[in-house]
Amino acid sequence: MDFSEIDISKYLNEYIIPFAIDLAMAIVIYVIGKLVVKLLVSAFSKVMKKSHYDEMLINFLSSILNAVLMIIVIIAALNELGVDTTSLAAILAAAGLAIGLSLQGSLQNFAAGVMLLVFRPFKKGDFIDAGGVAGTVKSIGVFSTIMTTPDNKEIIVPNGNIYGENITNFSAKDTRRVDMKFGIGYGDDLLKAKRVLEEMIAADERVLADPAPKIAVSELGDSSVNFVVRPWVNSADYWPLMFDFTEAVKLRFDAEGISIPFPQMDVHMHKPD
């Protein structure tokens, strides 16, 4: 091949210079796009932080936003170089669909985790009953929530199980009503028993005056006359009051001669003549 026959000027004008210009434009698009993406992600993070969203959720969504925007920037830069990005976009879409189908359960947990972090039906330290588990929330992740049971077992619950069922948050309110039930014998003095219960509730400093406690006869049972005792307490005093008061009622009823009957049945036998 005779290189003297090659028109270098024509080669430069038709190939080298246009490609160099396209390459320079692609680099400019990438650099400027990367800077714009960084500014957008930073602004997004600031807005989320001002709205007091969870830090883990902010970081995760910021990472997703950054990845999506950078893919757009890279496609724009490749398009400037003359690369056919249509097939690339189709490949990315197909890969995304395949990944989505293979990670369907994980994506469900992720979506549930995002909803939990956004709507906040509970927070770290709350005692809840959700996903078939009752315990104190230790941490809320994007895919799962870690809870500690009252007997100090750590349980990792998928967020999809939690968000798909009822959530009972026992720590959501500052006060709670303690529902207790006590029975006395049919032969005991009903008014005396009620008065004793009222005195015991009034003497307990943990019982709140507002709302007022409720003591009433709730049922004439098969073996006993049953009282409901429903005082209001601060949430932290719920279990201590229930345990202490139940013990105190037994001791006080014994001292007052009031019986607490166990289930029983009277059987009448008739002897034929």
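Laboratory data are not the source of any read-out in this text; all were calculated from the coordinates shown. A quick note: this is a predicted structure, and the numbers were derived from the prediction, not measured. Virtual Cβ from ideal backbone geometry, glycine too; neighbours counted across all protein chains shown.
So if each residue of separation counts as 0.36 nm, and I subtract the Cα-Cα distance between Lys138 and Lys192, what length gain in nm does that give?
Details: separation 54, 0.36 × 54 = 19.44 nm, distance 4.69 nm.
Result for the pair: 14.7 nm of gain on full extension.
Counting other beta carbons within 10 Å of each Cβ, put Arg230, Arg177 in order, fewest first. Walk me through the numbers on the way to the answer.
On the way: Arg230 17, Arg177 14.
In increasing order of surrounding Cβ atoms, one gets Arg177, Arg230.
What net charge is computed for the residues neighbouring Asn226, neighbours being all others with C-beta under 11 Å from the C-beta of Asn226, Lys and Arg scored +1, Asp and Glu -1? Show your work: numbers first, answer last.
Values: positive: Lys181; negative: Glu219, Asp222.
Taking every Cβ under 11 Å from that of Asn226, the sum is -1.
Rank by packing, highest mean first: peptides 72-80, 43-51, with packing defined as the count of other Cβ atoms within 10 Å averaged across residues. Before the final figure, lay out the partial values.
Details: 72-80: 16.7, 43-51: 12.2.
The packing order, highest mean first, is 72-80, 43-51.
What are the ³J(HN,Hα) values, in whole Hz, obtained from phi via the Karplus relation 6.51 cos²θ - 1.76 cosθ + 1.60 with θ = phi - 60°, for each residue of the stretch 237-243 in sequence order, with x given for Gly and Pro?
My calculation for the stretch 237-243 gives 9, 4, 5, x, 5, 4, 5 Hz in order.
Give me the lysines in straight-line cross-link reach of Lys194: C-alpha distance below 27 Å, same-chain residues under 8 apart excluded.
Lys181, Lys214, Lys250
Which links in Lys49/Lys153; Lys46/Lys123; Lys38/Lys138 stretch past 27 Å when you go from one Cα to the other? Intermediate values should be presented prior to the final figure.
Details: Lys49/Lys153 33 Å; Lys46/Lys123 21 Å; Lys38/Lys138 33 Å.
In this structure, Lys49/Lys153; Lys38/Lys138 exceed 27 Å between Cα atoms.
If a/c stays under 1.5 just call it rounded; otherwise compare a/b with b/c (prolate if a/b is bigger, oblate if not). Do that for the stretch 121-169, with a ≥ b ≥ c from the square roots of the Cα gyration tensor eigenvalues.
On the way: a/c = 1.42, a/b = 1.26, b/c = 1.12.
In terms of gyration-tensor shape, rounded.
Using a cut-off of 12 Å between beta-carbons, work out the net charge of the residues near Ala43 (Lys and Arg +1, Asp and Glu -1, Ala43 not included). Numbers along the way, then the final one.
Working: positive: Lys38, Lys46, Lys49, Lys50; negative: none.
Once positives and negatives cancel, what remains is +4.
Give me a comma-separated list of calculated 3J(HN,Hα) values for the stretch 206-215, in order, Karplus coefficients 6.51, -1.76, 1.60 applied at θ = phi - 60°, integers in Hz, x for any Gly or Pro.
So the Karplus estimates, Gly and Pro as x, are 6, 6, 7, 6, 9, x, 6, x, 10, 10 Hz.
Report the label-to-label distance for Met269 and Phe44 in nanometres (one decimal), using points 7 Å from each Cα along the Cα→Cβ vector.
8.3 nm
What does the charge count around Ile258 come to, taking other residues whose C-beta lies under 11 Å from its C-beta (Lys +1, Arg +1, Asp -1, Glu -1)? Write out the running numbers ahead of the final one.
Values: positive: Lys192, Lys194, Arg195, Lys250, Arg252; negative: Asp188, Asp189, Asp254, Glu256.
Combined, the nearby Lys, Arg, Asp and Glu give +1.
Just the number, please: Stokes-Einstein D of the stretch 175-256 in µm²/s, Kirkwood Rh from C-alpha pairs, 37 °C, 0.692 mPa s. Walk me through the numbers before you get to the answer.
Details: Rh = 13.0 Å.
Estimated diffusion coefficient is 253 µm²/s.
In whole Hz and in residue order, list the ³J(HN,Hα) couplings for the stretch 138-150 that follow from phi through the Karplus curve 6.51 cos²θ - 1.76 cosθ + 1.60, θ = phi - 60°; x for Gly and Pro.
Each residue of the stretch 138-150 in turn: 8, 7, 10, x, 6, 10, 8, 10, 9, 10, 10, 6, x Hz.
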